[in-house]
Every structure is written in C-alpha cells, then in structure tokens.
C-alpha cells in the first residue's frame, strides 16, 4: 500500500476549501484541487461541524 506524506494546509488553502464548500462543491471535487482524498478535506471541514470558523485576529493591546 502506498502512503502519501502528510500535508499541512496553509490558511490560504483552508480558505479555498471553505469557499468551495460554501459554493456547494462536493468533497471529492475540492479534494481534486489539492490532489488528495476526500477524507483529507472532510477532516478540516468537520472540525467545526461544516460551519466556517470566524477569522482569528490578534489583540491590538500592547504588553
């Protein structure tokens, strides 16, 4: 059995996944963009129940 190396998706990659998911694209079509299996994409989307998480922002407060 051939195993692929683990891929670390960048925030840009994840944003593209969420954009495609919100457009209604299937997991298989999104996975084809990254040349990965649909289960790789499903893990990213399932962490928040299929709802896009809010964008993280650092506090403006200086220490």
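Using helices alone, what [θ] at 222 nm do you get for the chain, with -39,500 (n - 2.57) per DSSP H run of 4 or more residues, divided over all residues and rounded to the nearest 500? Don't skip to the answer; put the middle values down first.
Details: 3 runs with 30 residues, N = 63.
Calculated mean residue ellipticity at 222 nm is -14000 deg cm²/dmol.
When Rg is the radius of gyration of the Cα atoms in the chain and Rh is its Kirkwood radius, what does Rg/Rh come to? Walk me through the numbers on the way to the answer.
On the way: Rg = 14.3 Å, Rh = 13.2 Å.
Expressed as Rg/Rh, it is 1.08.
No value in this document is a laboratory result; all are computed from the given coordinates. Here the structure is a predicted model, which is why all the values come from computation and not from measurement.
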